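Trainee: I have a structure here, written as structure tokens, and I will follow up with some questions on it.
Every number in this text was worked out from the coordinates using simple rules, so none of it is lab data. Everything quoted here is computed from the prediction, not taken from an experiment. FYI the Cβ positions are ideal-geometry reconstructions off the backbone, even for glycines, and counts take in every protein chain you see.
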Amino acid sequence: MAEKFDVIVVGAGMAGNAAAYTAAKAGLKVLQIERGEYPGSKNVQGAILYADAIEKIIPEFRESAPLERHLIEQRVWVLDDTSHVGSNYRSEEFNREPYNRYTIIRAQFDKWFSEQVTKAGGLVICETTVQELLMDGNRVVGVRTDRKNGDVFADCVILADGVNSLLARKAGFHEELKPKDIALAVKEIHFLPQETIESRFNIGEDEGVVIEMAGKITAGMMGTAFLYTNRESITLGVGCMLSDFKKQKTTPYQLLEQMKAHPSIKPLIAGSEMKEYAAHLIPEGGYEAIPPVYGDGWMIAGDAGMFVNGIHREGSNLAMTTGQIAAETLIDLKTAGKECSARNLKVYRQRLDASFVMKDLKKYRKMPEIFHKSPQFFTTYPELLNRAAHTMVKVDGIDKKTKEREIRGSFLAARSLTGLFGDAFKLWRAFQAR
Amino acid sequence: MTQVKVEEKLFQNRYRVDAGRPHIHIKQPDLCANHCTEQQCTTCCPAGCYIAEGNGRVVLITDGCLECGTCRIICDEHRNVAWEWPRGGFGILFKFG
Ligand SMILES: Cc1cc2nc3c(=O)[nH]c(=O)nc-3n(C[C@H](O)[C@H](O)[C@H](O)COP(=O)(O)OP(=O)(O)OC[C@H]3O[C@@H](n4cnc5c(N)ncnc54)[C@H](O)[C@@H]3O)c2cc1C
Ligand code: SF4
């Protein structure tokens, strides 16, 4: 394999496929390397696909991409041990084409996306692990794979190797990941007849519901849970920060089991058949945790660059957009006959800064720290909210005014007035921040 | 709450095990036994690959590994986990992901 390519893309996930497709489509000589048996066989997601990001790369994706259901309703639940309070947002507007969000199954979607790369002229090699980057001084000149005579060379390497990216770290581009910046999610997929899903969730054919959950479902850890409807299956999972997992004694699978046994969730998956159990990390450190994303002969896209908006559960779209921008940067340099030096690749970071990716991450840059310092958001408040709802809803001969006083008292007893205001203020500031 | 057995979950998964070539190693087993009081790997690993033995030692069997990377990151005090991806094509093969 002594051939030289314009670009080598490591990884065939959302970021890698977006980068490889964009570059190949523009006529660059692209080699993409994926360690899985097929693209998607190593990848885990909830999974919600945001149409906008893929549409900007493949406008006609709806015609051939494997999509499960388009989403028409979002539920947000705050749970305590036996109940939930929440909100529903359902809109007929989401039920009109072109649809805005879909559920997908990553193993199928990634395979499809990768086929588009091949069709655009990119060379995709699977079952091959990149072991390290080949350097000439400070400059990346290629990759070493685990194949025989497996060194390959390129003008530029795009690292789209996901959250647990070993390559940039081995090359010394940035430090080891920190437990406070990374969440561990575990999930299962449960199969049910299509009609059962549609009647249980009050939806028609092709329509879907997402439920985002917070509160005691994470056993006091900083994290969230989710439940999404696919065509003939339901995916559900729970994720918490590694720094919190480290401090306690519940195993991830026990946490998932507790979630499934919760009285608000159990009936939704009753009678289903579990067909896969998966785990994956999510980089949730936000803006402050973003590593250097370019250098001499290399760029980083997707989860490997911490491009995840944990507050809004967006990741795949940031991955696709950063992959696309990385490829576009490269195409422009090639067209102008410029080399892939750090100086020229600086444009990549500038373009990221100007995109929704960095703007959103910057806006929420204080959030991770606030949540780390305020465990009451995951313990006390969910319980108080649920108790308050219970008190108001239960009819027991006590007048409502007394009940209100009781609720106010319980909030104050659990957290002082300054504490409550402080938390509200911190949250407000974090959402306002720019 | 009854304790769930992780093996029952892993049983649903598809693997191609690279027999005799585990991709993760404990660098110095003595360090786990004598200097690590928490042994978080034994609770945090979502596949239950790390088992605390009665004598304070930790045994690692990677066959059910989900390749998440947790054990590498949480062992931040001792950095006692040598972690590589499995060879291309081996390891967990998600059907749905
Ligand atoms: C449980 C869960 C739920 C989520 N839900 C959502 C959601 O609903 N919506 C959303 O937008 N985002 C969601 N995310 C986030 C989203 O999954 C990620 O942001 C996205 O997958 C990142 O894409 P990526 O291409 O950067 O990385 P990945 O998709 O992880 O791809 C990395 C690829 O690189 C390959 N690779 C790695 N190292 C090597 C190597 N050395 N050699 C060869 N190949 C290598 C891997 O096999 C893999 O295919 C979720 C994540 C999780 C874990
Ligand atoms: S990578 Fe994840 S699943 Fe594999 S041994 Fe480490 S913690 Fe367990």
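Trainee: Given the condition outside any helix (DSSP H, G or I) and within 18 Å of the chain's Cα centre (by Cα), answer yes or no: does some residue in the stretch A:82-93 qualify?
Mentor: no
Trainee: Give A:T145, A:T128, A:T118, A:T103 a once-over and let me know the one that is hydroxyl-bearing (S, T, Y) and surrounded by fewer than 17 Cβ atoms within 10 Å (Cβ to Cβ).
Mentor: Of A:T145, A:T128, A:T118, A:T103, the one residue that is hydroxyl-bearing (S, T, Y) and surrounded by fewer than 17 Cβ atoms within 10 Å (Cβ to Cβ) is A:T118.
Trainee: Any chance you could count how many residues in the stretch A:259-303 are under 21 Å from A:K346 (Cα atoms), part of a strand (DSSP E or B) and not aromatic (F, W, Y)? Spell out how you get there, then give the answer.
Mentor: Initial filter on the stretch A:259-303 (under 21 Å from A:K346 (Cα atoms)): A:286-303.
Narrowing further to those that are part of a strand (DSSP E or B): A:294-295, A:298-300.
Of the ones still in play, those that are also not aromatic (F, W, Y) are A:295, A:299-300.
Counting residues in the stretch A:259-303 that are under 21 Å from A:K346 (Cα atoms), part of a strand (DSSP E or B) and not aromatic (F, W, Y) gives 3.
Trainee: Sticking with this one: Answer yes if at least one residue in the stretch A:42-57 is within 14 Å of chain B (Cβ to nearest Cβ), within 16 Å of ligand 2 (Cβ to nearest atom) and of a type in the set (S, T, N, Q), and no otherwise.
Mentor: Yes, that holds for at least one residue.
Trainee: Looking at the stretch A:176-191, which of its residues are in contact with a Lys or Arg (Cβ under 8 Å, 6 or more places away or on another chain) and surrounded by fewer than 23 Cβ atoms within 10 Å (Cβ to Cβ)?
Mentor: Matches in the stretch A:176-191: A:E176, A:P179, A:H190, A:F191.
Trainee: Any idea which of A:V130, A:V124, A:V141 is of a type in the set (A, V, I, L, M, F, W, C), more than 14 Å from chain B (Cβ to nearest Cβ) and more than 16 Å from ligand 2 (Cβ to nearest atom)? Outline the logic, then answer.
Mentor: Values: A:V130 fails: more than 14 Å from chain B (Cβ to nearest Cβ); A:V124 fails: more than 14 Å from chain B (Cβ to nearest Cβ).
Only one candidate passes the filter, namely A:V141.
Trainee: Could I ask something else about it? So, of the residues in the stretch B:12-44 that are more than 30 Å from A:Q131 (Cβ to Cβ) and within 9 Å of chain A (Cβ to nearest Cβ), which turns out to be surrounded by the most Cβ atoms within 10 Å (Cβ to Cβ)?
Mentor: Across the stretch B:12-44, the extreme among qualifying residues is B:T43.
Trainee: Turning to a different aspect of this structure: Which of (1) more than 16 Å from ligand 2 (Cβ to nearest atom); (2) loosely packed, with under 15 Cβ neighbours inside 10 Å does A:F173 not meet, given it meets every other one?
Mentor: Evaluating A:F173 over (1) more than 16 Å from ligand 2 (Cβ to nearest atom); (2) loosely packed, with under 15 Cβ neighbours inside 10 Å leaves (2) as the failure.
Trainee: For A:D244, which of the numbered conditions (1) touching a His at 6+ places or on another chain (Cβ under 9 Å); (2) without any contact (Cβ under 8 Å) to a residue 60 or more places away in the chain; (3) under 30 Å from A:E93 (Cβ atoms) fails to hold?
Mentor: Status for A:D244: all satisfied but (3).
Trainee: What tally of residues in the stretch A:229-287 results from selecting those that are of a type in the set (V, I, T) and at the interface with another protein chain (Cβ under 9 Å from one of its Cβ atoms)?
Mentor: In the first step, residues of the stretch A:229-287 are kept if they are of a type in the set (V, I, T); the result is A:229, A:234-235, A:238, A:250-251, A:265, A:269, A:282.
Now drop any that are not at the interface with another protein chain (Cβ under 9 Å from one of its Cβ atoms), which leaves A:235, A:250-251.
Qualifying residue count, the stretch A:229-287: 3.
Trainee: Something else now. For A:I197, indicate whether it is farther than 25 Å from A:P375 by Cα and not aromatic (F, W, Y). Steps first, please.
Mentor: Values: farther than 25 Å from A:P375 by Cα: yes; not aromatic (F, W, Y): yes.
In short, yes.
Trainee: Name the single residue, out of those in the stretch A:309-351 being among the hydrophobic types (A, V, I, L, M, F, W, C) and within 18 Å of the chain's Cα centre (by Cα), that is surrounded by the fewest Cβ atoms within 10 Å (Cβ to Cβ).
Mentor: Initial filter on the stretch A:309-351 (among the hydrophobic types (A, V, I, L, M, F, W, C)): A:311, A:318-320, A:325-327, A:330-331, A:333, A:336, A:340, A:342, A:345, A:347.
Right, trim to within 18 Å of the chain's Cα centre (by Cα) and you get A:311, A:318-320.
Working: A:I311: 18, A:L318: 28, A:A319: 29, A:M320: 32.
Among residues in the stretch A:309-351 that are among the hydrophobic types (A, V, I, L, M, F, W, C) and within 18 Å of the chain's Cα centre (by Cα), the one surrounded by the fewest Cβ atoms within 10 Å (Cβ to Cβ) is A:I311.
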